[in-house]
Amino acid sequence: QVQLVESGGGLVQAGGSLRLSCAASGIIFSIYDMAWYRQAPGKQRELVAMIFSGGSTNYADSVKGRFTISRDNAKNTVYLQMNSLKPEDTAVYYCKASMRQAYWGQGTQVTVSS
(Lines give C-alpha, C1' and ligand atoms only; values in the text may rest on other atoms or scores of the structure.)
Protein backbone atom coordinates (compact mmCIF):
# COMPACT_ATOMS: atom_id res chain seq x y z
CA GLN A 1 0.00 0.00 0.00
CA VAL A 2 1.49 3.29 -1.14
CA GLN A 3 1.33 6.23 1.24
CA LEU A 4 2.59 9.77 0.88
CA VAL A 5 2.25 11.82 4.05
CA GLU A 6 2.90 15.55 3.94
CA SER A 7 3.71 17.65 6.98
CA GLY A 8 5.10 21.05 7.86
CA GLY A 9 2.33 23.33 6.67
CA GLY A 10 0.94 26.13 8.78
CA LEU A 11 0.37 29.84 9.13
CA VAL A 12 3.27 32.20 8.53
CA GLN A 13 3.68 35.91 7.93
CA ALA A 14 4.81 37.24 4.57
CA GLY A 15 8.57 37.04 4.29
CA GLY A 16 8.74 34.00 6.53
CA SER A 17 9.80 30.43 5.84
CA LEU A 18 8.38 26.93 6.07
CA ARG A 19 9.76 23.51 5.25
CA LEU A 20 7.38 20.88 3.97
CA SER A 21 8.15 17.19 4.20
CA CYS A 22 6.62 14.24 2.36
CA ALA A 23 7.36 10.79 3.71
CA ALA A 24 6.76 7.93 1.30
CA SER A 25 6.13 4.26 1.98
CA GLY A 26 5.18 1.31 -0.19
CA ILE A 27 7.34 2.37 -3.14
CA ILE A 28 11.00 2.11 -4.11
CA PHE A 29 11.43 5.79 -3.39
CA SER A 30 14.80 6.27 -5.08
CA ILE A 31 13.49 5.45 -8.57
CA TYR A 32 10.50 7.78 -8.41
CA ASP A 33 10.39 11.34 -9.64
CA MET A 34 8.97 13.47 -6.84
CA ALA A 35 7.10 16.74 -7.07
CA TRP A 36 5.26 19.35 -5.07
CA TYR A 37 2.04 20.82 -6.42
CA ARG A 38 -0.27 23.39 -4.92
CA GLN A 39 -3.89 24.35 -5.29
CA ALA A 40 -5.32 27.66 -4.16
CA PRO A 41 -9.08 28.14 -3.67
CA GLY A 42 -10.83 28.47 -7.01
CA LYS A 43 -7.67 27.69 -8.97
CA GLN A 44 -6.27 24.66 -10.75
CA ARG A 45 -3.59 22.54 -9.18
CA GLU A 46 -0.17 23.68 -10.39
CA LEU A 47 3.33 22.28 -10.35
CA VAL A 48 5.61 24.04 -7.89
CA ALA A 49 8.81 22.00 -8.06
CA MET A 50 10.05 18.64 -9.22
CA ILE A 51 13.09 16.55 -8.41
CA PHE A 52 13.88 13.64 -10.67
CA SER A 53 15.25 10.31 -9.52
CA GLY A 54 18.67 11.38 -10.75
CA GLY A 55 18.55 14.56 -8.69
CA SER A 56 17.91 17.25 -11.29
CA THR A 57 15.25 19.80 -10.45
CA ASN A 58 12.67 22.05 -12.08
CA TYR A 59 10.76 24.98 -10.60
CA ALA A 60 7.78 27.08 -11.49
CA ASP A 61 8.84 30.59 -12.43
CA SER A 62 6.81 32.00 -9.55
CA VAL A 63 8.96 30.22 -6.94
CA LYS A 64 12.43 30.24 -8.52
CA GLY A 65 15.00 31.64 -6.14
CA ARG A 66 12.66 31.27 -3.15
CA PHE A 67 11.83 27.55 -2.93
CA THR A 68 14.19 24.59 -2.91
CA ILE A 69 13.19 20.98 -3.43
CA SER A 70 15.41 18.19 -2.13
CA ARG A 71 15.20 14.50 -1.38
CA ASP A 72 16.72 12.06 1.07
CA ASN A 73 16.49 8.59 -0.43
CA ALA A 74 17.70 6.99 2.82
CA LYS A 75 14.66 8.47 4.60
CA ASN A 76 12.21 8.07 1.69
CA THR A 77 11.42 11.76 2.08
CA VAL A 78 11.17 14.77 -0.20
CA TYR A 79 11.34 18.30 1.14
CA LEU A 80 10.27 21.74 0.01
CA GLN A 81 12.09 24.62 1.67
CA MET A 82 10.02 27.76 1.16
CA ASN A 83 11.60 31.14 1.88
CA SER A 84 10.42 34.71 1.35
CA LEU A 85 6.85 33.52 1.38
CA LYS A 86 4.16 35.71 -0.16
CA PRO A 87 0.39 35.77 0.39
CA GLU A 88 -0.04 34.36 -3.11
CA ASP A 89 1.78 31.21 -1.99
CA THR A 90 -1.25 30.38 0.14
CA ALA A 91 -2.58 27.01 -0.99
CA VAL A 92 -2.86 23.34 -0.16
CA TYR A 93 0.45 21.74 -1.06
CA TYR A 94 0.48 18.20 -2.37
CA CYS A 95 3.28 15.69 -2.81
CA LYS A 96 3.33 13.48 -5.91
CA ALA A 97 5.37 10.42 -6.75
CA SER A 98 5.64 9.47 -10.41
CA MET A 99 7.05 6.61 -12.36
CA ARG A 100 4.76 4.32 -14.33
CA GLN A 101 2.01 5.27 -11.90
CA ALA A 102 1.37 8.45 -9.99
CA TYR A 103 0.56 8.68 -6.31
CA TRP A 104 -0.60 11.71 -4.35
CA GLY A 105 -0.51 12.71 -0.74
CA GLN A 106 -3.45 14.17 1.13
CA GLY A 107 -2.07 17.71 1.16
CA THR A 108 -0.96 20.20 3.78
CA GLN A 109 -2.29 23.74 4.14
CA VAL A 110 0.07 26.68 3.83
CA THR A 111 -1.32 30.10 4.70
CA VAL A 112 0.74 33.25 4.30
CA SER A 113 -0.63 36.37 5.94
CA SER A 114 0.17 39.86 4.72
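Can you name the residue in segment 74-103 that is of a type in the set (A, V, I, L, M, F, W, C) and surrounded by 15 or more Cβ atoms within 10 Å (Cβ to Cβ) and, of all such residues, is nearest to TYR32 (Cα to Cα)?
Per the criteria, the residue is ALA97.
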Discussion item. Cβ-Cβ under 6 Å, sequence separation 6+ or interchain: first residue in segment 97-114 and more than 13 Å from ALA24 (Cα to Cα), partner at pLDDT below 95 and among the basic types (Lys, Arg). Which pairs?
Written reply: none
Worksheet item: Applying the selection to segment 59-69, what residues are surrounded by 12 or more Cβ atoms within 10 Å (Cβ to Cβ) and more than 11 Å from TRP36 (Cβ to Cβ)?
Response: SER62, ARG66
Worksheet item: Within segment 44-61, how many residues are touching a residue at least 12 places away in the same chain (Cβ under 8 Å) and outside any strand (DSSP E or B)?
Response: 5
Practice prompt. Considering only segment 23-37, state which residues are open to solvent by less than 20 Å² (accessible area, probe 1.4 Å) and either assigned to a strand (DSSP E or B) or in contact with a strand residue (DSSP E or B) (Cβ under 6 Å, 6 or more places away or on another chain) (or both).
Written response: ALA24, MET34, ALA35, TRP36
Item to complete: Confirm whether GLY54 is modelled with pLDDT of 95 or more, among the small types (Gly, Ala, Ser) and open to solvent by 70 Å² or more (accessible area, probe 1.4 Å).
Response: yes
Worksheet item: Within the group TYR32, TYR94, which residue is under 12 Å from the mean Cα position of the chain (by Cα) and either under 17 Å from VAL5 (Cβ atoms) or at pLDDT 95 or above (or both)?
Response: TYR94
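The values are calculated or read from the model by the stated rules, or taken from the named source; none is laboratory data. Keep in mind that what you see is a predicted model, and the values were worked out from it rather than measured. So basically every Cβ, Gly included, is an ideal-geometry build from the backbone, and we count neighbours across all protein chains shown. Ligands, DNA and RNA are stripped out before the accessible areas are found, and what is left, the full protein with its side chains, is counted by its heavy atoms. Shrake-Rupley method; radii C 1.70, N 1.55, O 1.52, S 1.80 Å.
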